[in-house]
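Only one structure is covered here, and it is reproduced in the block below.
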Amino acid sequence: MKTNSKNSTLMAWLLVLPALIIFLLMILYPFVNSIFISFTNKNLIFPKNDFIGFENYVKLLKDPNTIPLIWTTFKFVFFSTLCPFTLGLIWAILMNEKFKGSQFMRGLTLVNWIIPGIAIGFLWNWIFNGDYGILNALFNKLGIIDSNVIWLAGKQTSLIAVVTARTWQMFPWYMAFIMGALQGVPKELCEASRIDGANNIKVFHHVIIPSIKPVLMLILILGAISNLQHFDLINVMTNGGPERATSTFAIEVYKKAFKEYNLGRAAALGVIWAILLGGFSWVYLRNLKEEN
Amino acid sequence: MFQKTLAFKIFFWTFIILIGFFAFFPQLWMISTSLKPDAEMYKITFFQNFNLSNIIRILNNSDFLGYLRNGFSVAIISSVISTTVSALAGYSFSKFRFKGRKQVMAIILISQAFPQGLLLVSLYPMLQQVGMIDKFSSIILAYVALTLPIGTWTLKAYFDQIPNSIMEAACIDGASDLTIMSKIVMPLAYPGMTTIAIYSFVWAWNDLLYALTLISTTAKRTLASGMIFTFTGEGGNDWIGMMAASVIASIPVAIMFIFLQKFFVAGMTAGAVKG
């Protein structure tokens, strides 16, 4: 509105100031400072704080757990993004049909996403419980398994359990975005291609998908970023175990810093994590720019 | 959008049953377990005997009540501060043009991708130095900081939709910058501010990582971190208690959400896409 008057500029900065101070103190400074810490042997218990160059990074490169950590993180992010995305897309198409009770159902689905991660973790631990869990009871009855699976103790099955819980929590979020995008699909285009003889699949493929594609791309990237950050469910359900089978960067950095008290090593690991996240965010920003 | 062919009907009914079961059965299972009498804990029964004794047991636990109280206070204070601070910044970004504006906005957006665990590696010793570890102020500040980026960007998008002509008209009538902001523009953005208030409340209410790290005394724990400590070790087999606590922890956000769903979903999706 106003461009040049000195008073306006002063007021503009005054309004931004509280946000800026909190942001600088609680986010930007800690972030930059963590990069410095990654070059030290800073420890939470011992008063060490010496510059040690790249030693933390070299140790991480030599650590046999580093490559599995990246691989586990990749698997978790990949499946925890794609599974809820797919369910969210299908569910959005169903809820978009506006049948009786669809509004109520949509609201009820979103409850999964809003409730605390700790409650979701507890719930799925109970469902996946090896001895008394409902899932084993159900699978036994259906004849899918003939003896109880100890889901959370198996290397493969614990990841399946965590991804399932994350899918349950997040697919309503993807649904909400996709439903928003479906509102914007031009009805005339659907009609026109139908007159040209297109069936449902063709309309979906040639009209609906292209017009909601920008939103689909955005939520895939945003979803991947949030999964790369995700801590709660894994911490509650498996704590990274068994034998690190579900240990992602979020879990590992937390453990290195606050269980082993090795801040320097945790920071180095965190910097690698930040670079991965930076890559995704760059794609996100580029996508945004193209859209505008 | 789709023709109701036989194939579409099959698709519709298959997935409404499959995904519906996946979405809703666990919700019901949580509630059903929380209402079981102790003797039924390991039996596969579904809403057979209603029994409130475990809900009452959890609600009578003075530690748990403390977690609830702390959780509420922290979430409400964080929400109020975050909404206020975001609204002021969002207003400035939307209605003023000044040097450095774009850069500040960009860095705030990018900070979303800073790993939260990495921030803690610095925050912990920093807050320790100023004596803020194990104080509510530390987690409140952290929650405000972590919800600021989304808050600022979403509210900026809201203010962008309010035409400048309204403000210019008021300006001609002799209203000051401050009056224009507080009396004319802010009230028009209440829906957006409600969205951010809920968003920050839910963030603080649900957070585990920061509460787990920055708070160490039982009496000061908030909901999620308190629940972890209650139900590890010996409490780890108290499934009815865990489900009862989970239901109690979920009710406030679920109710708030059901009432304000319209605001919230529209606000969040608009903010993230336009942002």
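For this structure, a couple of remarks:
- Unique match (being under 23 Å from B:Phe257 (Cβ atoms) and either more than 13 Å from every other protein chain (Cβ to nearest Cβ) or not acidic (Asp, Glu) (or both)) among A:Lys59, A:Lys75, A:Lys100: A:Lys100
- Selection over the range B:201-252 of residues that are outside any helix (DSSP H, G or I) and under 21 Å from the mean Cα position of the chain (by Cα) gives a count of 5.
- Of everything listed in (1) surrounded by 15 or more Cβ atoms within 10 Å (Cβ to Cβ); (2) without any contact (Cβ under 8 Å) to a residue 40 or more places away in the chain, the single unmet condition for B:Glu168 is (1).
- Close pairs from the range A:97-126: first without any contact (Cβ under 8 Å) to a residue 60 or more places away in the chain, partner assigned to a loop (DSSP other than H, G, I, E, B), Cβ under 7 Å, at least 6 apart: A:Trp126/A:Gly133
- Condition check for A:Trp126 on (1) closer than 30 Å to A:Leu276 by Cα; (2) touching a Gly at 6+ places or on another chain (Cβ under 7 Å); (3) not charged (D, E, K, R): one failure, at (1).
Residue-wise test of (1) of a type in the set (Asp, Glu); (2) surrounded by fewer than 18 Cβ atoms within 10 Å (Cβ to Cβ).
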residue: A:Val16; (1), (2): no, no
residue: A:Ile21; (1), (2): no, yes
residue: A:Phe36; (1), (2): no, yes
residue: A:Phe46; (1), (2): no, yes
residue: A:Phe51; (1), (2): no, yes
residue: A:Asp63; (1), (2): yes, yes
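- Just so you know, in the range A:163-198 the residues that are of a type outside the set (Asp, Glu) and surrounded by fewer than 15 Cβ atoms within 10 Å (Cβ to Cβ) include one that is nearest to the other protein chains (Cβ to nearest Cβ), and it is A:Lys187.
- The residues of the range A:231-261 that are in a loop (DSSP other than H, G, I, E, B), hydroxyl-bearing (Ser, Thr, Tyr) and at negative phi, listed by number, are A:Thr238, A:Thr246, A:Ser247, A:Thr248.
- Look at (1) surrounded by fewer than 15 Cβ atoms within 10 Å (Cβ to Cβ); (2) not in a helix (DSSP H, G or I) and you find that B:Thr14 fails only one, number (2).
- Flag if A:Leu123 is modelled with pLDDT of 95 or more and over 30 Å from B:Gly241 (Cβ atoms): no
- The set of residues in the range A:81-95 being surrounded by 18 or more Cβ atoms within 10 Å (Cβ to Cβ) and either facing another protein chain (nearest Cβ under 8 Å) or of a type in the set (Ser, Thr, Tyr) (or both) consists of A:Thr81, A:Leu87, A:Ile90, A:Trp91, A:Ile93, A:Leu94.
- Neighbours by Cβ (under 8 Å, 6+ apart or cross-chain): first from the range B:228-245, within 9 Å of another protein chain (Cβ to nearest Cβ); second assigned to a helix (DSSP H, G or I) and of a type in the set (Phe, Trp, Tyr): B:Phe231/A:Phe122; B:Trp239/A:Trp126; B:Met242/A:Phe122; B:Met242/A:Trp126; B:Met243/A:Phe122; B:Met243/A:Trp126; B:Ala245/A:Phe122; B:Ala245/B:Phe64
- The listed residue being more than 12 Å from chain A (Cβ to nearest Cβ), among the aliphatic types (A, V, I, L, M) and under 25 Å from the mean Cα position of the chain (by Cα), out of B:Ile140, B:Ile108, B:Ile31, B:Ile76: B:Ile76
The values are calculated or read from the model by the stated rules, or taken from the named source; none is laboratory data. All figures in this text were calculated on a predicted structure; none of them were measured in a lab. Using ideal geometry, Cβ is built from the backbone for each residue, glycine included, and neighbour counts are taken over all protein chains shown.
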